[in-house]
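Since the structure comes first, as structure tokens, the remarks are kept for the end.
Computed from the coordinates by the stated procedures, all read-outs in this text should not be read as laboratory data. Bear in mind the structure is a predicted one, so any value in this text is a computation, not a measurement. Don't worry about glycine lacking a Cβ; one is built from the backbone with ideal geometry, like all the others, and counts go over all protein chains shown.
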There are 2 protein chains.
Amino acid sequence: MVVQVAIMGLGVVGGGTADLLTENHDLILSRTGVDIRIKYILDIRDLPDSPYADRIVHDISVIASDPEVAVVAETIGGVHPAYEFTRRLLEAGKSVVSSNKQLVSEYGVELLSVAEKAGCVYLYEASTGGGIPILSPLRYDLAGNEISEISGILNGTTNYILTRMISGGVDFEDALAEAKAKGYAEANPTADIDGHDAARKIAILAATAFGHLIPTERIHTEGIRGIRLSDVRAAESIGARIKLLGRALRLGGELFILVAPFLVFDSCPLARIDDVYNGVLVHGNYVGDLLFYGRGAGAKATASAVAADLISAASSALTGALTNPVWTPADESEPSDFASFACRHYIALSGVEANAVDVIFGKTEPVPTVEGEIAFLTELMTEREALERLERISASGATLQSRIRVCDRTE
Amino acid sequence: MVVQVAIMGLGVVGGGTADLLTENHDLILSRTGVDIRIKYILDIRDLPDSPYADRIVHDISVIASDPEVAVVAETIGGVHPAYEFTRRLLEAGKSVVSSNKQLVSEYGVELLSVAEKAGCVYLYEASTGGGIPILSPLRYDLAGNEISEISGILNGTTNYILTRMISGGVDFEDALAEAKAKGYAEANPTADIDGHDAARKIAILAATAFGHLIPTERIHTEGIRGIRLSDVRAAESIGARIKLLGRALRLGGELFILVAPFLVFDSCPLARIDDVYNGVLVHGNYVGDLLFYGRGAGAKATASAVAADLISAASSALTGALTNPVWTPADESEPSDFASFACRHYIALSGVEANAVDVIFGKTEPVPTVEGEIAFLTELMTEREALERLERISASGATLQSRIRVCDRTE
């Protein structure tokens, strides 16, 4: 059965998707019975040298008004014009599959609702975790589980930088320069380095697991600019690595969601995810811990996820089988107040009186560190308690050099 | 929408499934819209003290003839009567979901075909990898990829034993005794220890990826009885661990499928999968390497996979959306002749003349080992070449103490 599709945006991911659908066309047909043909590729450029030059169009109307086109991949990125194009296509009854984390994390509720009303689907596996199948397994394979935790290394750029700091012994600035030289970091790396990219992805993961889309501005987000080589080494000396994690934790009536660097002990499967790889750990009340690991970015890996959604949507266009996930906006009370989030903390101080730590933090576990500093792990305490104690120790004359939360998990 | 289901066999997995469907009933209903009710539980026992005593039946006819029952979980295990019951239910148009690796690996082709003809589905996620979503991702999420490799730690018992040998420094017999004491190994552990359990699972994985079911008797299967503590330590000294892997490799026109202990270097994500955990590494031509990690056995984890299939089949019973995977019997030529399988080999010899190794094996890489033995890694060679060289070195007076293949992967 022939299904005509279109791709919007022949950039890295769009190009990879076109290549996959071409190279693996016969395989997909024999495996699924769906004969996917790329009818149009929307791009602002002419691209006369592209192998897809004969299918380039510049006007979204061509795609929106062609009744033959059943499914469209949106690989433009950014909100505009991706939002307008997606909405228009969905309203025309065409399913859209997206690799656009920004659009999904900002307009997911609306676009899913538009799709549902129009009798088509809006799918977004490629928006999070690159090629790693994670959203579809969360939705289908873990449908029988109450999910209490999603913790992921969701950004390849920062994971590469932290890995280089750990294994190469280089400091943050040098590791960032290396990442730029290798093409793993953009010229302006703010979205990656400061955690905003990971925040979008954890919002999408949490919405998929819990059904409520948390606006990223409500997600406590910290990046990795403040991580010092001495912190990385101190962590290593106690069998831990520093990783930037996106975490959504639902325990009792509380939902915490945050992006921040964490000390991850080697016993946790997230500790060993290195370089540009991503990994997502999910805990379900029956399945226990699961880890999904793979390439979180790149043309080919992301194309794999776009293609999976394209194939599903194309099959569904024939059978009417798929339904849209139901997302609703987050409640006012979501997430819970971050001041109540409790964990252990790694703290490095300079200029501190030895007994001030005991008086203010009580029982601590010393961590070897550089001369002139004292570093330790606290016991479990809330963010509110940690801030209050840090204020007291600063008042005693100490200078906070570093504070990193500890990812303590017990299965 | 109410869907009545039945469970056949209230053992470990069946009991876990009943518990999940009861404990998480409301969650599943709110998430999927499917109101799953357990109408019958088939068991040979009366089980008056079970919370499900009111639903126990002893006669499969009750389930097969009840038009209200749409989906049945088969958690009996073994071939008989699971085969007869499954066939009868499928013929009656009831979808069956199975945790039974033996039945699926022996009768999968037939049962899938019966299901397809009867307009229902036969699903088997729980048969392989316990709670890890792996078959459904292979089928759907990786539908756009040509799969060239599936390599998995598929048996928790042997992985526990090997982990104890590595981390506890105990030998095989003591580690096996520990595994029995902890309930991780059965009184008769042959199916696990000798690789037969893993062979069934790699057959199911390969059939899911490639569409051809290879009979387990055609799978080259070795277990872990021959692994010595000195081999484990020798591997450790070169940054590797010994793991029992099920592997299906499809490269060019060749398909190799085997179960055997492998030296896995620490840089491979499979190396860090310890204790009773399972992990499956998949390589697709677009997605690259993926790893799926989690609990490969146990009541609750396996119930998670049974429930996922139950929910899918129940939704499908309402919408008619799902189709059966298409499996055909393996061709005569499948798998390729194992004598052509090429890899590096770890070899430990005693009573060997130093220069005999050079003469017979050419370039090798020495591996530190116990006194009185010589151990080394060979270069890449086929099984045929390895056997021929081992014969020659034996003829020279050496005694083969150990040979373990090396899992060399380059992404």
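Numbers at a glance
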{"quantity": "Neighbour-count ranking [beta-carbon atoms within 10 angstrom, fewest first] of A:Asp174, A:Asp274", "calculated": "A:Asp174, A:Asp274"}
{"quantity": "Nearest 10 degrees, 0 to 90: helix A:196-210 Cα axis against chain A principal axis", "calculated": "70 degrees"}
{"quantity": "Nearest 10 degrees, 0 to 90: helix B:299-319 Cα axis against chain B principal axis", "calculated": "50 degrees"}
{"quantity": "For the axis carrying chain A to chain B: nearest C-beta residue of A, whole Å", "calculated": "A:Ala321, 2"}
{"quantity": "Other copies of B:Pro67: label-to-label distances in nm, shortest first, labels 7 Å along the beta-carbon direction", "calculated": "3.9"}
{"quantity": "Cα-based shape type of the protein assembly as shown, given that a ≥ b ≥ c are square roots of the gyration tensor eigenvalues and the cut on a/c is 1.5", "calculated": "rounded"}
{"quantity": "Fewest-first sequence of B:Lys180, B:Lys363, A:Lys300 by Cβ atoms within 10 Å of each Cβ", "calculated": "B:Lys363, B:Lys180, A:Lys300"}
{"quantity": "Exercise: per-residue mean of other protein chain Cβ atoms within 10 Å, A:142-153", "calculated": "5"}
{"quantity": "Helix A:156-168 axis, angle to chain A major axis (alpha carbon atoms, nearest 10°)", "calculated": "40 degrees"}
{"quantity": "Region A:257-270 - phi-based ³J(HN,Hα) in whole Hz, Karplus 6.51/-1.76/1.60, Gly and Pro as x", "calculated": "9, 7, 10, 6, x, 10, 7, 10, 6, 4, 6, 8, x, 6"}
{"quantity": "Among B:Ala398, B:Ala354, B:Ala115, residue whose mean-square fluctuation peaks in a GNM of chain B (springs only between Cα atoms under 10 Å)", "calculated": "B:Ala354"}
{"quantity": "Rough spin-label spacing in nm, given labels placed 7 Å along Cα→Cβ, for A:Leu27 and A:Val370", "calculated": "4.9 nm"}
{"quantity": "B:Leu387, A:Leu135 arranged by Cβ crowding within 10 Å, fewest neighbours leading", "calculated": "B:Leu387, A:Leu135"}
{"quantity": "For region B:105-122, Karplus couplings with θ = phi - 60° (6.51, -1.76, 1.60), whole Hz, Gly/Pro x", "calculated": "6, 9, 10, x, 4, 5, 5, 5, 5, 4, 4, 4, 5, 8, x, 10, 10, 10"}
{"quantity": "GluC sites (Glu not before Pro) restricted to DSSP loop in region B:170-248 with at most 14 other C-beta within 10 Å", "calculated": "B:Glu186"}
{"quantity": "Point-to-point label distance, B:Ser61-B:Ser113, nm (Cα→Cβ direction, 7 Å offset)", "calculated": "2.9 nm"}
{"quantity": "Distance between region A:45-119 and region A:152-183 - C-alpha centres, whole angstrom", "calculated": "34 Å"}
{"quantity": "Amide H contacts of B:Leu123 (H built 1.01 Å from N, under 5 Å, at least 5 apart or other chain)", "calculated": "B:Val96, B:Val97, B:Ser98"}
{"quantity": "Peptide-level mean, for B:275-285, of C-beta atoms on other protein chains within 10 Å", "calculated": "2"}
{"quantity": "For A:Val326, net neighbour charge (Lys/Arg +1, Asp/Glu -1) across residues whose Cβ lies under 12 Å away", "calculated": "+1"}
{"quantity": "Estimated vicinal HN-Hα couplings, Hz - region A:15-32 in sequence order (Karplus 6.51, -1.76, 1.60; Gly, Pro = x)", "calculated": "x, x, 5, 4, 4, 4, 5, 7, 5, 9, 3, 5, 4, 5, 4, 5, 7, 10"}
{"quantity": "Average beta carbon contacts from partner chains per residue of B:301-309, 10 Å cutoff", "calculated": "6"}
{"quantity": "Cα-Cα over 29 Å, subset of B:Lys39/B:Lys182; B:Lys182/B:Lys243; B:Lys94/B:Lys182; A:Lys243/A:Lys363", "calculated": "B:Lys39/B:Lys182; B:Lys94/B:Lys182"}
{"quantity": "Relative contact order for chain A, counting Cα pairs under 8 Å that sit 6 or more residues apart, in percent", "calculated": "18 percent"}
{"quantity": "Estimated dipole of region A:125-232 in Debye, rounded to 20 [Cβ of Lys and Arg +1, of Asp and Glu -1, Cα centre]", "calculated": "120 debye"}
{"quantity": "Cut-off 10 Å between beta-carbons: net charge of the residues surrounding B:Ala234, Lys and Arg +1, Asp and Glu -1", "calculated": "-1"}
{"quantity": "Local net charge near B:Phe338, Cβ-Cβ under 13 Å (Lys/Arg +1, Asp/Glu -1)", "calculated": "-3"}
